[in-house]
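Here is the structure we will look at, set down as structure tokens.
The values are calculated or read from the model by the stated rules, or taken from the named source; none is laboratory data. Source: prediction; values computed, not measured. Every residue, glycine among them, receives a Cβ derived from its backbone with ideal geometry; neighbour counts consider all protein chains shown. Protein only, heavy atoms only, side chains kept; ligands, DNA and RNA dropped before computing areas. Shrake-Rupley method; radii C 1.70, N 1.55, O 1.52, S 1.80 Å.
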Amino acid sequence: MISVAVLLSGVAVLLAAAVAAIALKHSPSVTRVIYGATLIVSLAIAATALHHLVSAAAAPSLIALPLGLPWVGAHFRLDALSSFFLFVVGSGSAASSLYGLGHGLHEKAPRRVLPFFPAFLAGMMLVILADDAFTFLLSWEFMSLASWALVMAHHHDRDNARAGYVYLVMASFGTLALILAFGLLAGAGGGYDFASIRAAEHTPHLDALVLALVLLGAGSKAGLVPLHVWLPLAHPAAPSHVSALMSGVMTKVAVYGFVRLIFDLLGEPTWWAGMIVLILGGITSVLGVLYALMQHDLKRLLAYHTVENIGIIFIGLGLALAFQANGMNWAAALALTAALFHVFNHALFKSLLFFGAGAVLAATGERDMERLGGLIHRMPYTSIAFLVGCVAISALPPLNGFVSEWLTFQAILQSPELPQWGLKIMVPAVGAMLALSAALAAACFVKAFGITFLGRARSSAAETAEEVDRFSLAAMFAFAGLCLLAGILPGFVIDGLAPVTQSLVTGRMPVQTEIPWFSIVPIAESRSSYNGLLVFVFIAISATLAVLAIHRFASHAVRRAPAWDCGWPDPSPETQYTAASFAQPIRRVYATYAFRAKETVEMPAPGDRRPAQLVVRLQDLVWDYLYEPIAGVVGLAAGRLNELQFLTIRRYLGLVFLALVSLLTVIALWT
Amino acid sequence: MIRDLLVQGVQMALVLILAPLLTGFVRKVKARLLRRQGASVVQPYRDLLRLLRKEAVVAENASWLFRTAPYLIFAATWVAAALVPTFATGLKFSWTADLIAIIALLASARFFLALAGMDIGTSFGGIGSSREVMIASLAEPAMIMIVFVLALVAGATQLSTIAEFMLSPEVGLRVSLGLALIALIIVAIAENGRIPVDNPATHLELTMVHEAMVLEYSGRHLAMIEFAAALKLLLYASLIACVFVPWGLAPAGAGIAALALGLVAYVAKLAGIGFLLAIFETSIAKMRVFRVPEFLGGALMLGLLGTLLLFVSRSL
């Protein structure tokens with residue numbers, strides 16, 4: 001009762017801040033005031049949620065307010081699952097606010113951002129706290145609309161206007177699917193609070209339908225392939241700290257929606273539910289990273305890469321469902337821990353990377369990597385933080401991204417015990433997809449960091465860039481530090497997740513923090529163990545030893561000279577590898593199938609002085625074969641129905657009569 | 001306790017000492033197979049010392065990353081190589097990282113090497129880095145599939161446990177293990193840039209990968225990178241030896257005699273693997289760079305097939 005009341009008052013403060021932003025719009029310090037307020041409130045909310053998760057997670061904290069629908073009211077609840085996700089949202093919001101304190105001053109249209117930013121935060125938090133279908137859906141839609149307004153902050157840009165349109169359509173579609181899912185869950189009795197939904201009996205047919213609808217609803221918000229199309233358009237369009245929130249945090253709210261509905265409300269899962277989620281996750285992870293590799297817009301690359309990480313999270317969730325359906329609760333706990341750990345990790349490093357991309361944007365005005373380069377010299381601190389994010393997201397030890405992928409692999413290795421043949425065949429294939437996407441992610445971030453920060457500047461803007469302000473740097477380094485901490489001391493995160501898995505799959509991983517040296521051991525030490533702390537210490541020691549030995553015995557002389565480049569250095573920065581040329585080998589290997597990539601060389605005839613041209617055509621199959629036909633059908637139907645607007649009153653009355661008769665017939669047949 | 005630490009220390013030193021020797025041995029055997037005299041087997045040590053004594057020439061626009069990367073690459077590779085059982089299993093810190101983590105440590109080293117290749121902004125560095133990550137994008141999943149096979153057979157991803165299981169009589173002959181061995185050899189060849197994937201002896205060739213990345217390095221930095229490359233070759237040789245030829249490995253807490261026997265067996269296994277590698281390299285031609293994905297895709301499919309067989313055979 002106390003915790004949830006504290007959290008709700010925090011949300012109320014955020015909503016008040018949204019109103020205050022409108023009232024104070026002429027004040028010169030409004031940016032500082034609003035971001036300062038959201039920073040403090042988000043920190044308080046994250047702290048409260050963490051406290052509840054660690055100390056009192058077994059006892060949910062409930063409150064019912066007389067708002068909303070008169071016969072339902074507004075129910076709010078804080079249990080282990082919601083306190084974990086609230087901690088993720090709270091910390092992401094806090095870092096984003098801190099970043100906004102500095103970055104927000106660059107904003108050209110602050111009045112389009114400031115009122116919606118606290119409202120967006122409040123919306124995400126309300127979704128997580130909601131304990132009845134009406135409040136949940138209302139908050140969900142509020143969150144979508146607030147973020148839509150933020151996407152449209154720079155609406156004069158044609159691309160942004162299109163992004164906002166696609167986002168709005170997909171968000172409405174997702175909410176529609178969720179409304180139907182809740183309608184089915186509540187059943188004829190119509191108990192819309194979560195407690196009565198949990199208690200209701202469900203048939204297998206209903207389960208299948210609800211799963212499909214939730215995958216459509218929450219999956220479209222999270223970015224599951226093929227529902228991901230809005231995400232790489234909308235996330236980069238928003239101001240960078242909002243992009244960080246949308247990509248790092250809002251997709252996690254969608255994951256929360258999926259977990260709440262499928263694991264908690266729907267009750268006992270079936271094995272094929274796990275298989276469907278698993279396959280979707282595998283396809284999403286590989287396609288997401290392949291899309292990301294083909295991009296040369298830094299923020300769009302990051303947005304596509306979010307799709308990959310959502311895939312990894314859903315692989316973990318699918319495994320958890322499959323294990324739970326077969327009564328292997330300890331394995332389900334392992335898989336669910338891996339998925340939720342990745343939720344936490346991705347919120348950290350994706351926010352960090354978007355902050356970095358925002359810093360680059362603020363310093364150079366460029367998002368296109370082909371016009372960047374050499375920023376490591378101009379922006380040394382940003383580049384260090386961005387590098388930490390790149391290493392973490394590429395799942396490399398000793399940082400945090402590796403731990404969650406390692407746990408996912410360990411969960412996959414438990415799955416030969418599963419009895420169903422479908423799972424036996426699919427799980428190894430999904431394991432291969434996960435490994436493929438991890439390796440491609442490393443390639444993707446070598447490209448992102450190498451082209452943007454290394455090499456020589458490709459434009460004058462990149463050549464004259466200046467380091468960003470301290471608030472932005474503080475936000476980036478705070479998350480970089482957390483990435484390292486979660487990587488070398490993963491046992492604390494795993495133990496923190498134990499109440500969540502206990503409540504959802506009635507199982508938990510063994511207590512990790514009591515193991516000597518802070519190792520993590522999912523099952524038994526002889527089977528598998530990993531110690532991030534020792535790996536980190538060993539690398540530090542051996543690097544130090546190498547440096548000491550070199551400085552003791554080897555030559556100290558350093559001579560600065562022009563680049564060697566095999567004797568033929570070219571002074572023009574245009575001779576460097578670009579983002580497109582870096583991706584060329586991978587494009588040839590994978591994109592020929594995935595995107596039907598075609599390369600054509602146009603070589604002018606001898607004597608012709610036109611430059612030769614290499615044209616690469618990529619086809620987005622999802623867009624061409626799924627969305628274009630749907631848009632075509634909708635357009636056709638709209639064209640036909642358009643005629644209905646020009647009828648006489650006599651015909652309209654006739655239509656009304658016909659509709660009435662047919663509806664009455666349906667009712668008569670139904671009962 | 002002190003004895004355990006000592007054995008662990010010996011292992012860390014051993015991989016350092018033996019790594020250049022293995023490289024030199026492979027070169028020597030290759031030279032003899034081509035009826036050349038060849039350089040002495042200790043030539044790699046001389047090369048390293050020579051590089052260490054020379055001044056480092058660093059490009060004018062090199063950043064701090066260019067100068068720190070060699071040490072990071074060396075450290076990560078050394079730690080990974082020291083975690084693979086060489087002459088004894090169950091070492092003091094063997095539980096620090098399982099096989100997946102060892103593979104990932106190598107991936108960390110590669111990540112920094114690819115970045116260092118792009119730091120100066122030359123086209124050679126870019127070509128090397130982009131091809132290296134392309135090859136890695138297939139070699140790493142193939143390696144993970146091999147880990148899956150081993151883990152499913154032995155019930156562990158811990159290398160010491162896998163090696164002990166391979167020594168026990170219950171392992172038997174399994175199709176999956178055979179597939180995994182072939183896949184592991186392919187991955188090892190690709191990861192170490194050996195013929196037919198890459199040629200460690202060339203310096204300027206359009207298909208080169210590793211040498212193009214490190215083109216700008218010189219002096220002590222180059223020494224670190226060459227040393228790391230030798231360590232990586234040793235790591236893969238030790239890995240194949242400890243999993244597929246585990247005989248002679250001293251068990252945990254063994255006496256001096258067993259450890260000495262393990263050491264002799266290890267050196268003999270390295271010599272055998274080095275000899276086979278030299279024969280393989282001299283008897284095959286280098287392939288075009290875009291044939292490499294097919295070669296490695298084969299390894300990935302073999303690994304996947306092996307895993308699938310194990311998944312399916314559980315219920316039979």
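Values for this structure:
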{"quantity": "Counted residues, the stretch A:583-603 - those being loosely packed, with under 13 Cβ neighbours inside 10 Å and free of Cβ contacts under 8 Å to residues at least 12 places away in the same chain", "calculated": "3"}
{"quantity": "Residue check for A:A474: surrounded by fewer than 23 Cβ atoms within 10 Å (Cβ to Cβ), at pLDDT 95 or above and over 26 Å from A:A320 (Cα atoms)", "calculated": "yes"}
{"quantity": "Single residue of the stretch B:49-85 satisfying the filter (open to solvent by 20 Å² or more (accessible area, probe 1.4 Å) and free of Cβ contacts under 8 Å to residues at least 24 places away in the same chain) that is nearest to B:I225 (Cα to Cα)", "calculated": "B:T68"}
{"quantity": "Near pairs, Cβ below 7 angstrom, 6+ apart or cross-chain, from the stretch B:17-36 (free of Cβ contacts under 8 Å to residues at least 40 places away in the same chain) to any residue that is in a helix (DSSP H, G or I) and buried (at least 19 other Cβ atoms within 10 Å of the Cβ)", "calculated": "B:G24/B:P44"}
{"quantity": "Top-ranked residue in the stretch B:285-300 [being surrounded by fewer than 18 Cβ atoms within 10 Å (Cβ to Cβ) and at the interface with another protein chain (Cβ under 9 Å from one of its Cβ atoms); ranked as farthest from A:L434 (Cα to Cα)]", "calculated": "B:F290"}
{"quantity": "Members of the stretch A:423-446 that are under 20 Å from the mean Cα position of the chain (by Cα), of a type in the set (G, A, S) and at the interface with chain B (Cβ under 8 Å from one of its Cβ atoms)", "calculated": "A:A435, A:A438, A:A439, A:A442, A:A443"}
{"quantity": "Selection count where residues are at pLDDT below 95 and out of contact with any helix residue (DSSP H, G or I) (no Cβ under 7 Å at 6 or more places or on another chain), scope the stretch B:239-250", "calculated": "0"}
{"quantity": "Any hit, the stretch B:25-38, residues being in a helix (DSSP H, G or I), open to solvent by less than 10 Å² (accessible area, probe 1.4 Å) and either facing chain A (nearest Cβ under 9 Å) or not aliphatic (A, V, I, L, M) (or both)", "calculated": "no"}
{"quantity": "Evaluation of A:F323 against (1) open to solvent by less than 10 Å² (accessible area, probe 1.4 Å); (2) out of contact with any Lys or Arg (no Cβ under 6 Å at 6 or more places or on another chain); (3) closer than 20 Å to A:C483 by Cβ (one fails), failing number", "calculated": "(3)"}
{"quantity": "Which numbered condition A:A181 misses (of (1) open to solvent by less than 10 Å² (accessible area, probe 1.4 Å); (2) farther than 25 Å from A:I63 by Cβ)", "calculated": "(2)"}
{"quantity": "Filter result (out of contact with any Pro (no Cβ under 9 Å at 6 or more places or on another chain) and open to solvent by 20 Å² or more (accessible area, probe 1.4 Å)) within the stretch A:451-462", "calculated": "A:S460, A:A461"}
{"quantity": "Residues of the stretch A:85-131 satisfying the condition of being of a type outside the set (A, V, I, L, M), out of contact with any Lys or Arg (no Cβ under 9 Å at 6 or more places or on another chain) and open to solvent by less than 10 Å² (accessible area, probe 1.4 Å)", "calculated": "A:G90, A:S93, A:S96, A:S97, A:Y99, A:G100, A:F117, A:P118, A:F120, A:G123"}
{"quantity": "Criterion (out of contact with any Pro (no Cβ under 9 Å at 6 or more places or on another chain), open to solvent by 30 Å² or more (accessible area, probe 1.4 Å) and aromatic (F, W, Y)) met by exactly one of B:F244, B:F227", "calculated": "B:F244"}
{"quantity": "Residue match in the stretch A:623-630 (condition: open to solvent by 70 Å² or more (accessible area, probe 1.4 Å), hydrophobic (A, V, I, L, M, F, W, C), touching a strand residue (DSSP E or B) at 6+ places or on another chain (Cβ under 6 Å) and more than 8 Å from chain B (Cβ to nearest Cβ))", "calculated": "no"}
{"quantity": "From the options B:A76, B:A151, B:A114, residue that is under 22 Å from the mean Cα position of the chain (by Cα), part of a helix (DSSP H, G or I), at pLDDT below 95 and of a type in the set (A, V, I, L, M)", "calculated": "B:A151"}
{"quantity": "Close pairs (9 angstrom Cβ cut-off, 6 or more residues apart or separate chains): within 12 Å of A:E366 (Cα to Cα) in the stretch A:460-472, surrounded by fewer than 16 Cβ atoms within 10 Å (Cβ to Cβ) anywhere", "calculated": "A:A461/A:G365"}
{"quantity": "Verdict on A:K221 being over 22 Å from A:G431 (Cβ atoms), outside the structural domain of A:T452 (by TED's automatic domain parsing) and among the basic types (K, R)", "calculated": "yes"}
{"quantity": "Candidates B:T202, B:T282 - the one that is polar (S, T, N, Q) and within 14 Å of chain A (Cβ to nearest Cβ)", "calculated": "B:T202"}
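To keep it simple, each residue is scored yes or no on (1) buried (at least 17 other Cβ atoms within 10 Å of the Cβ); (2) under 30 Å from A:A594 (Cβ atoms).
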{"position": "A:V169", "(1), (2)": "no, yes"}
{"position": "A:G191", "(1), (2)": "yes, no"}
{"position": "A:A195", "(1), (2)": "no, no"}
{"position": "A:K252", "(1), (2)": "yes, yes"}
{"position": "A:G274", "(1), (2)": "yes, yes"}
